Structures are given as C-alpha cells and as structure tokens.
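Colleague: The following block contains the structure, expressed as structure tokens.
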Amino acid sequence: MLVNKKNTTGAGSSFDLLREREAKVLMHTYGRYPLAVSRGAGSKLYDLDGREYTDLLAGIAVCALGHANPEVAEAIAEQAKKLVHVSNLFYQEDQVRLAEKLLATCGLDRVFFCNSGAEANEGAIKLARRYQRKVKDSAAFEVVSLTGSFHGRTLATLTATGQDKVKDGFDPLPAGFKHAPPNDLPALIAAVSTDTAAVMIEVVQAEGGVVLMDRDYLAGVQRLCRDADVLLIVDEVQTGLCRTGAWWAYQHFGLTPDIVTSAKALANGLPMGAVMASEEAAKGFSPGTHATTFGGGPLLSRAAETVLTVMNRDKLAERAALLGQKALAMFGRLQTEHPGKIAAVRGLGLLLGIELTGNGPAVWRALLDAGFIVNLAQDKVLRLVPALTVDESDLAAFAAALDGILAGS
C-alpha cells in the first residue's frame with residue numbers, strides 16, 4: 001500500500017526551485033498543478049522526490065497506451081536511428097502505411113497529417129470552406145458549432161469553440177462562425193443557412209464537462225447536413241482512437257461524417273494530428289493549398305502506426321467499453337451513497353465525468369493529495385481520461401479515495 005503521497009513543497013524543495021526557475025523563463029500561459037513529474041510507467045507518474053501517483057488523466061487523453069510504453073519506445077528508438085524527418089516533399093512509406101491503417105478504422109478515404117488537434121480542426125475548417133468554394137461553386141463559408149464545445153486555440157478554432165473564456169482578449173475574431181446549444185435541433189436548424197459550409201460537432205464534449213449528445217439529436221444533425229448540402233465535421237480529437245469503446249465515438253450512433261479530426265492519442269505523446277475525409281470532401285484540397293512541415297514525418301508515422309497496431313491487437317476499444325461500464329457503476333454507487341454531493345455521473349467508455357455539487361477545486365486537490373491525478377472541467381466536473389491500459393484496481397482505488405473525501409466533506 002502506498003503512503004505519504006501528498007506533494008509537500010517546503011521552502012528550498014526541488015519542486016520550489018523548479019517552479020522559481022520556470023517563472024523566470026516561460027510565458028505564463030498555464031495554471032499548473034502543484035506537481036512536477038520526473039518519470040512515468042503505465043498509469044503511474046512519479047514526482048521529483050519519487051512519490052507515486054495514479055494518473056487518470058494520461059496527458060489529457062494522450063498517452064492511451066500508458067506512459068513509456070515499451071513497444072512505442074522501441075519503435076521510436078529504432079526509427080530515430082533510420083530516419084526522423086525529410087519533409088512532405090518526398091513520398092514516405094511509413095506515412096502511407098499509417099494512412100492505410102488509420103483509414104481502415106473509420107471508412108473514410110483520405111487523410112492529411114498535421115501536428116495537433118487545433119491544427120486538425122483548422123485544417124477541417126479550411127477544407128470545408130474551400131470545398132464549397134472550389135468544388136461546389138458556392139459562396140458558403142460559415143461553420144456552425146455548439147456552445148460548450150472546444151475545438152482548439154488557433155484564432156479560427158477558438159472562434160469555433162463555444163466557450164467565451166478562451167476568447168477573452170483575442171478580438172477581433174475571424175468572421176464566419178455561429179453557435180447553437182447542444183442537443184437542441186431546432187436551434188441548430190435555425191442557425192444553418194445558405195451561408196453554412198459545415199456543421200462541426202463533438203459527440204461528447206470532453207472539455208465542456210463530459211456532455212454527451214443525444215442519439216436522436218445526432219441523427220437529426222446528420223439529416224440536416226444532408227438536406228442543406230453542408231459538410232458534417234466530427235471533432236474526435238479527444239474522443240477518438242478507442243477512447244469511448246469504439247474506434248471513433250461517432251460510430252456508436254451510426255453517423256457518416258464527411259470530415260473527422262483526430263490527434264491526442266494518435267502517437268501516444270508525440271505531436272501528431274490528422275484530418276480524415278471522404279473522397280468527395282477531400283476534393284477541396286489540391287497541391288499547394290494546404291501543407292505542414294512536420295506532419296506525418298517518418299518518426300511520427302512509425303510511432304502512430306505502432307499505437308494503432310497495439311490498439312487493434314489488444315482490443316482496447318472493447319476493453320474501454322467494459323471498464324467504462326464498471327467505472328460508471330462504481331461512480332453511480334457513490335452518487336447514491338453521498339446524496340446531494342454528486343449531481344451526475346456520465347461518460348462513454350473511458351471518457352468519464354463526475355459532476356459535483358459542492359467545492360470542486362477542494363475535492364480535486366484532496367484527490368491529488370491522495371495520489372490521484374484527474375482533471376477538473378468547468379470547475380465542477382471530475383474528468384477521467386485514463387490510459388486505455390489502466391488497471392481496474394486503479395479505478396476502484398480512485399473510487400474508494402473519492403468515497404472517503406466525500407464522506408468527510
């Protein structure tokens with residue numbers, strides 16, 4: 001049994017010294033957790049003093065195969081000795097092999113590789129606009145997304161994001177974006193017009209507090225897009241790659257999107273994103289209209305191909321579905337046992353949210369002191385996006401810790 005996990009940071013500690021050094025050299029863009037990590041293995045992280053933490057955040061749904069996964073590490077090391085980067089001026093077998101494997105998971109036809117989720121969503125927006133202009137000979141340019149959504153932090157993607165707090169101070173924002181409330185089909189219908197190029201949605205709003213879209217609503221969104229002849233973009237940056245119990249969250253609902261974006265888990269920690277599209281939608285791009293220096297290079301492609309191989313071989317989508325059901329049952333019992341303290345428990349696969357009624361930051365900090373790393377979304381939702389390889393016992397230990405914290409609050 002692990003004890004004394006609390007991150008004590010007395011004057012002159014290694015943590016304090018690192019924090020002081022950082023304050024002098026980095027831009028102040030992050031509200032850091034009071035923790036500095038030195039290494040990881042699987043679902044465990046270790047601070048500068050060697051204290052162990054159970055990581056149920058996985059780099060925000062990134063390290064889906066766990067920290068320091070040996071198969072990915074070996075593939076990276078082997079490829080680094082062979083070829084790291086050549087630019088996209090060349091044909092690359094590693095990139096083609098990855099594209100074939102990735103597209104086989106979703107039924108789409110073509111992919112563009114980039115460096116992050118924000119870039120993937122930016123690329124999707126560009127593709128939708130150019131498709132309308134050059135292929136459909138249409139002046140449609142607007143993108144309709146949902147309030148509560150999160151699509152990135154470039155100027156276009158933060159404008160598409162349905163949260164005002166990420167936009168503060170960045171005006172004037174780009175034109176051509178509208179928002180409608182989630183799960184409100186009449187509002188979305190009202191927002192779509194002849195100026196609409198695409199509707200952009202998340203099947204589960206992860207940053208928004210693990211908010212799930214209704215099945216009937218999603219069917220209506222797709223029907224609306226087809227009737228209005230606009231593209232359907234599904235942002236799977238956080239929900240994709242086995243996270244929700246299927247390769248892609250939209251597959252739970254029978255959707256056939258025109259464009260799908262991916263990133264976080266794709267290379268298990270290396271910076272990689274992807275824009276996948278149908279043959280028709282992909283016509284929006286032609287040589288010279290979109291590009292990236294680093295996207296889909298040999299090292300990144302080799303890492304991502306290894307990730308897909310492990311996910312497929314170890315049936316991690318099925319495992320996420322099973323563990324997610326067990327976790328929801330555990331958290332549901334906590335809601336019953338602590339009336340008035342948990343407002344809701346929700347999730348899909350291993351994308352889980354526990355909405356608290358009380359002091360969310362205090363509960364989050366108590367969990368960290370107990371050795372459990374989770375995220376607090378919207379100041380009240382404990383969000384868990386652990387590695388898909390997480391042990392069931394780690395989830396049970398988290399539930400036991402939360403049980404004790406709620407009992408004492």
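The values are calculated or read from the model by the stated rules, or taken from the named source; none is laboratory data. Treat the numbers as computed from the prediction; the structure is a model and nothing was measured. So basically every Cβ, Gly included, is an ideal-geometry build from the backbone, and we count neighbours across all protein chains shown.
Colleague: What are the residues in segment 31-58 that are without any contact (Cβ under 8 Å) to a residue 24 or more places away in the chain and more than 21 Å from Ser13 (Cα to Cα), if any?
Modeller: As a first pass, look at segment 31-58 and keep what is without any contact (Cβ under 8 Å) to a residue 24 or more places away in the chain: 31-32, 36-38, 44, 46, 50.
Within segment 31-58, just Lys44 meets the criteria.
Colleague: Over 19 Å from Val381 (Cα atoms), touching a residue at least 12 places away in the same chain (Cβ under 8 Å), out of contact with any strand residue (DSSP E or B) (no Cβ under 9 Å at 6 or more places or on another chain) and of a type in the set (Phe, Trp, Tyr): does that describe Phe141? It would help to see each step written out before you state the result.
Modeller: Values: over 19 Å from Val381 (Cα atoms): yes; touching a residue at least 12 places away in the same chain (Cβ under 8 Å): yes; out of contact with any strand residue (DSSP E or B) (no Cβ under 9 Å at 6 or more places or on another chain): no; of a type in the set (Phe, Trp, Tyr): yes.
Judged against the criteria, Phe141 is not a match.
Colleague: Continuing with this model, one more query. Can you find a residue in segment 41-54 that is over 25 Å from Gly349 (Cβ atoms), touching an Asp or Glu at 6+ places or on another chain (Cβ under 7 Å) and assigned to a strand (DSSP E or B)? Don't jump to the end; show me each part of the working.
Modeller: Residues of segment 41-54 over 25 Å from Gly349 (Cβ atoms): 46-52.
Now restrict to residues that are touching an Asp or Glu at 6+ places or on another chain (Cβ under 7 Å): 46.
Pick out the ones that are also assigned to a strand (DSSP E or B) and you get 46.
Checked segment 41-54: at least one residue is over 25 Å from Gly349 (Cβ atoms), touching an Asp or Glu at 6+ places or on another chain (Cβ under 7 Å) and assigned to a strand (DSSP E or B).
Colleague: Among the residues of segment 200-242, which ones are among the small types (Gly, Ala, Ser) and either surrounded by fewer than 24 Cβ atoms within 10 Å (Cβ to Cβ) or in contact with a Pro (Cβ under 8 Å, 6 or more places away or on another chain) (or both)?
Modeller: Our first condition is that a residue be among the small types (Gly, Ala, Ser); within segment 200-242, this holds for 206, 208-209, 219-220, 228, 240.
Residues satisfying the conditions are Gly208, Gly209, Ala219, Gly220, Ala228.
Colleague: Then there's this: All but one of (1) under 22 Å from the mean Cα position of the chain (by Cα); (2) in contact (Cβ under 8 Å) with a residue 40 or more places away in the chain hold for Asp214; which doesn't?
Modeller: Answer for Asp214: the failing condition is (2).
Colleague: Under 8 Å by Cβ, and 6 or more places apart or on different chains, what pairs join a residue from segment 252-275 that is within 24 Å of Asp214 (Cα to Cα) and in a loop (DSSP other than H, G, I, E, B) with one that is of a type in the set (A, V, I, L, M, F, W, C) and at pLDDT below 95?
Modeller: Pairs that qualify, where the first residue is within 24 Å of Asp214 (Cα to Cα) and in a loop (DSSP other than H, G, I, E, B) and the partner is of a type in the set (A, V, I, L, M, F, W, C) and at pLDDT below 95: there are none.
Colleague: Right, something else. Of the residues Ile342, Ile354, only one is buried (at least 20 other Cβ atoms within 10 Å of the Cβ), closer than 17 Å to Val211 by Cα, free of Cβ contacts under 8 Å to residues at least 60 places away in the same chain and of a type in the set (Val, Ile, Thr); which? Outline the logic, then answer.
Modeller: Numbers: Ile342 fails: free of Cβ contacts under 8 Å to residues at least 60 places away in the same chain.
Just a single option satisfies the conditions, and that option is Ile354.
Colleague: Just the residues that are over 22 Å from the mean Cα position of the chain (by Cα) and surrounded by fewer than 19 Cβ atoms within 10 Å (Cβ to Cβ), please, taken from segment 279-312.
Modeller: Narrowing segment 279-312 to residues over 22 Å from the mean Cα position of the chain (by Cα): 279-291, 293, 298.
The answer is Glu279, Glu280, Lys283, Ser286, Pro287, Gly288, Thr289, His290, Ala291, Thr293.
The rows are residues; the columns are (1) modelled with pLDDT of 95 or more; (2) in a helix (DSSP H, G or I); (3) not assigned by TED's automatic domain parsing to the domain that holds Ala206.
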| position | (1), (2), (3) |
| --- | --- |
| Leu2 | no, no, yes |
| Asn7 | no, no, yes |
| Glu22 | yes, yes, yes |
| Leu35 | yes, no, yes |
| Arg39 | yes, no, yes |
| Ala77 | yes, yes, no |
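Colleague: With respect to the numbered conditions (1) in contact with a helix residue (DSSP H, G or I) (Cβ under 7 Å, 6 or more places away or on another chain); (2) over 30 Å from Lys82 (Cβ atoms), which one is the sole condition not fulfilled by Asp369?
Modeller: (1)
Colleague: Part of a strand (DSSP E or B) and not acidic (Asp, Glu) - does that describe any residue in segment 211-223? Give the steps one after another, and end with the answer.
Modeller: Filtering segment 211-223 down to residues part of a strand (DSSP E or B) leaves 211-212.
When the remaining residues are screened for being not acidic (Asp, Glu), the result is 211-212.
Within segment 211-223, one or more residues are part of a strand (DSSP E or B) and not acidic (Asp, Glu).
Colleague: Quick one: how many residues across segment 233-251 are in contact with a Ser or Thr (Cβ under 8 Å, 6 or more places away or on another chain) and either of a type in the set (A, V, I, L, M) or in a loop (DSSP other than H, G, I, E, B) (or both)? I'd like the intermediate steps shown before the answer.
Modeller: So in segment 233-251, the residues in contact with a Ser or Thr (Cβ under 8 Å, 6 or more places away or on another chain) come out as 233-237, 240-241, 247-249.
Still in the list and also either of a type in the set (A, V, I, L, M) or in a loop (DSSP other than H, G, I, E, B) (or both): 233-234, 236-237, 240-241, 247-249.
Residues flagged as in contact with a Ser or Thr (Cβ under 8 Å, 6 or more places away or on another chain) and either of a type in the set (A, V, I, L, M) or in a loop (DSSP other than H, G, I, E, B) (or both) within segment 233-251 amount to 9.
Colleague: Would you be able to tell me the number of residues in segment 25-39 that are exposed (fewer than 11 other Cβ atoms within 10 Å of the Cβ) and aliphatic (A, V, I, L, M)?
Modeller: Number satisfying all stated conditions: 3.
Colleague: Here's something else I'd like to know. Tally time: how many residues in segment 144-195 are in contact (Cβ under 8 Å) with a residue 12 or more places away in the chain, of a type in the set (A, V, I, L, M) and more than 22 Å from Thr29 (Cα to Cα)?
Modeller: 8
Colleague: Of everything in segment 372-402, what is in contact (Cβ under 8 Å) with a residue 40 or more places away in the chain, surrounded by 15 or more Cβ atoms within 10 Å (Cβ to Cβ) and either assigned to a helix (DSSP H, G or I) or among the small types (Gly, Ala, Ser) (or both)? Give them in sequence order.
Modeller: Passing the criteria: Ala377, Ala387, Asp394, Leu395, Ala397, Phe398, Ala399, Leu402.
Colleague: Is segment 332-342 home to any residue that is under 17 Å from Pro386 (Cα atoms) and in contact with a strand residue (DSSP E or B) (Cβ under 9 Å, 6 or more places away or on another chain)? Step through it out loud before you land on a result.
Modeller: Applying the first criterion (under 17 Å from Pro386 (Cα atoms)) to segment 332-342 yields none.
There is no residue in segment 332-342 that is under 17 Å from Pro386 (Cα atoms) and in contact with a strand residue (DSSP E or B) (Cβ under 9 Å, 6 or more places away or on another chain).
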